[in-house]
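These notes are about the structure you will find just below.
The values are calculated or read from the model by the stated rules, or taken from the named source; none is laboratory data. Everything numeric here is computed off the predicted structure, so don't read it as measured data. As a convention, Cβ positions derive from the backbone with ideal geometry for all residues, glycine included, and neighbour counts pool all protein chains shown. The area values use the complete protein model at the heavy-atom level, side chains included, leaving out ligands, DNA and RNA. Shrake-Rupley method; radii C 1.70, N 1.55, O 1.52, S 1.80 Å.
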Amino acid sequence: MKTDVVIIGGGINGCSLAYQLSKKGIDVALFERKYICSGATGRCGAGIRQQWSTRENIILAKESVKIFSKLSRELKEDIGFRQGGYLVAIHDEKELKEAEERVKLQRSLGVDVKIIDKDEIKEIVPILDPDGMHAIGATFCPTDGHADPFKTTFAYARRAVENGAKIFTHREVSKIIVEKNKVKGVVADGERIDCNYVINSAGAWSRIVARMAGIDIPNRPLRKEAIVTEKMKRVFDAMVISFRDGIYFSQQSEGNILGGIPGPDEREGYLYQPTFSFLNHMARTLTRYAPVLKFVRVLRHWTGFYDVSPDARPIIGEDPNIKGFIHCHGFSGHGFMLSPMVTKIISDYISDGKDSDYLHSLSIERFKGKDISREVSVVG
Amino acid sequence: MSKKIVCRCEDVTEEDILKAIDEGYTDFEELRKKLRIGMGTCQGRTCIMLALRILARKTGKSIEEIEKPSFRPPVVPITLGSLAGEEDED
């Protein structure tokens, strides 16, 4: 078999890339070792946030929101996009100062965000107890939101196939063929597929994929856990998060509360086993934030993996040493929300050789120097 | 035509399942994520076996050949209050 671009990984980024490249008339084959959405995408909170601390993430997220808001129409399927806002707890005066700076930066870049007091917290999410949260206020951006990760990824995949992309599930790439520092093809299930580009969008497994091309990337797979409760009458639309406690939770369109928090036994690796210590810690923190939830039942508890880069920012663009090897990983828990813009930048680069500042600032090469600005606004 | 409900919690009919399989959702996990079968309060106790049978019949596979969904804890729904370590008043 022969194709122009091989994409490894059938999550949100891989499927979006398959869609965008095939729309431009480029031959694409996507390989997913399990099923579509089987990795982090199908296990994530699918929040969409523009409240970041680095200029770059703010713009990427803001541009992504613009794309998300038109995506149901473009993909001709409802992706469940809604803008209920993100409420970010502020716990003390020091955090308030930091929040003021972030809000100033975010507003200067055109994001509609403001600082709110304890009364306003209760107006936006009536079940919250600001004292239990140990909150003195919050920041709130009404245009942040959520989309259904399954619907979005499936819609991308279906439209990609209609455009002529080939999507192979339950097929694992075992080898990447590199000759004279250039990608020549891959081997999947013993079959050789010739190609000019390989895109590594394998999420938490991207380090293993990069190694097949002889590339060492600094990512680590970090096990994360989440819960979902039974359905309740609609009580709030916002996603509630705290950078100090690491908690995030929101009410899904179906009425269930979905959320996560870093667990006491969180560790690197690919273990799928959920832990009771997480469940206990999550339940304690969640009922401290919203006491009335103690009467609500947990239905499911599961694990997923963050693909964590050293500075919690994505790694994108062509490898400086191996021509045709495209990085698209290291999202550190934010792959879903940043995917529209990141995959647009990558597909424009592949189709037209179009350059972007992000291809430089988010290049794998940044880890060689010392100029690393770490994204600090991280939860989950 | 009367509807045949397969998943009562999420209101999924046999017709919905057959249509999704026709659209290419032939992996049980994909079908589950597409239609939310088994994601409701019963956690699939009533619907997953039925849906697996429909998938097997439609794809000409045996139930043994189909990759089963993972059952996720807790086995029965538990209140957040109990999980947080509070005494249950029930």
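Solvent-accessible surface, computed for protein heavy atoms with a probe of 1.4 Å, shrinks by 40 Å² or more for the following residues of the stretch B:36-84 when the other protein chains are added to the isolated chain: B:Arg36, B:Met39, B:Gln43, B:Arg72, B:Pro73, B:Pro74, B:Pro77, B:Thr79, B:Leu80, B:Leu83, B:Ala84. Considering only Cα-Cα distances, which of the following residue pairs are longer than 18 Å: A:Lys344/B:Lys33; A:Lys34/B:Lys33; A:Lys76/B:Lys34; A:Lys166/B:Lys19; A:Lys184/A:Lys323? In this structure, A:Lys344/B:Lys33; A:Lys166/B:Lys19 lie more than 18 Å apart at Cα. The residue list A:Ala157, A:Ala46, B:Leu80 was ranked by how far each Cα lies along the charge dipole of the protein assembly as shown toward its positive end, using unit charges on Cβ atoms, and A:Ala157 comes out on top. Expressed in Å, the radius of gyration and Dmax of the Cα atoms of the stretch A:228-288 are 12.7, 37.
Evaluated at q = 0.11, 0.13, 0.18 Å⁻¹, the base-10 log of the normalised Debye intensity for the stretch A:26-158, with identical point scatterers placed on the Cα atoms, takes the values -0.50, -0.66, -1.03. Most simply put, the protein assembly as shown has about 70% antiparallel DSSP beta bridges, counting only bridges with both residues inside it. Around the Cα centre of the stretch A:1-133, unit charges on the Cβ atoms of Lys, Arg, Asp and Glu (plus for the first two, minus for the last two) sum to a dipole of about 760 debye. Here's how it looks for A:Gly137: its modeled amide H is under 5 Å from those of A:Ile90, which are all 5 or more places away or on a different chain. Remark: spin-label model distance A:Arg82-A:Lys323 equals 5.0 nm, labels positioned 7 Å along the Cα→Cβ axis. Quick one: plug the Kirkwood hydrodynamic radius of chain B (C-alpha pairs) into Stokes-Einstein at 4 °C, 1.567 mPa s, and report D in µm²/s. The estimated diffusion coefficient comes to 91 µm²/s.
Ligands, DNA and RNA are left out, and with a 1.4 angstrom probe the accessible area of the stretch B:5-83 is 48 Å² per residue. Evaluating kT/(6 pi eta Rh) at 20 °C and 1.002 mPa s, with the Kirkwood radius of the protein assembly as shown over Cα pairs in the Stokes-Einstein relation, gives 93 µm² s⁻¹. Think of it as helices only: each DSSP H run of n ≥ 4 in the protein assembly as shown is worth -39500 (n - 2.57), and spread over all residues that comes to -9500 deg cm²/dmol at 222 nm.
For the stretch A:1-100, the equivalent ellipsoid derived from the alpha-carbon gyration tensor has semi-axes of 33, 15, 14 Å in decreasing order.
Judged by a Cβ-Cβ distance under 4.7 Å, the unpaired cysteines of chain B are B:Cys9, B:Cys42. Evaluating 6.51 cos²θ - 1.76 cosθ + 1.60 at θ = phi - 60° for every residue in the stretch B:62-69, the Karplus couplings come out as 8, 4, 4, 6, 7, 6, 7, x Hz, glycine and proline recorded as x.
Close amide H contacts of A:Ile167 (hydrogens built in the peptide plane, cut-off under 5 Å, sequence separation of 5 or more or a different chain): A:Leu30. Farthest toward the positive end of the dipole of chain A, out of A:Met337, A:Ala138, A:Tyr349, is the Cα of A:Tyr349, where the dipole comes from beta carbon charges about the Cα centre. Axis of helix A:55-75 versus longest Cα principal axis of chain A: the two differ by about 80°, to the nearest ten degrees. Assuming 0.692 mPa s and 37 °C, estimate D for the stretch A:109-182 with Stokes-Einstein, Rh taken as the Kirkwood radius over Cα pairs, in µm²/s. Taking Rh from Cα pairs, D becomes 186 µm²/s.
Take every Cα-Cα distance within the stretch A:195-244, group them into 10 Å bins from 0 onward, and report for each bin the whole-number percent of pairs it holds. Histogram of Cα-Cα distances, whole percents per bin: 17, 29, 21, 21, 12, 1.
In chain A, the longest principal axis of the Cα atoms and the axis of helix A:149-162 are about 30 degrees apart.
Taken over the Cα atoms of the stretch A:143-286, the convex hull encloses 181 Å³ per residue. Volume per residue of the convex hull around the Cα atoms, evaluated for the stretch A:278-369, comes out as 152 Å³.
Spherically averaged projected area of the convex hull of Cα atoms, the stretch B:2-55: 3.2 nm².
For the interface of A with B, what's the total buried accessible surface in square angstrom, probe 1.4 angstrom, rounded to the nearest hundred?
The buried area between A and B, both sides summed, comes to about 2800 Å².
Counting only residues at least eight positions apart within a chain, or on another chain, the lysines with an alpha carbon under 24 Å from that of A:Lys97 are A:Lys62, A:Lys114, A:Lys118, A:Lys122. With the simple spin-label model, which puts each label point 7 Å out from Cα in the Cβ direction, the A:Ser108 to A:Glu191 separation comes to 5.3 nm.
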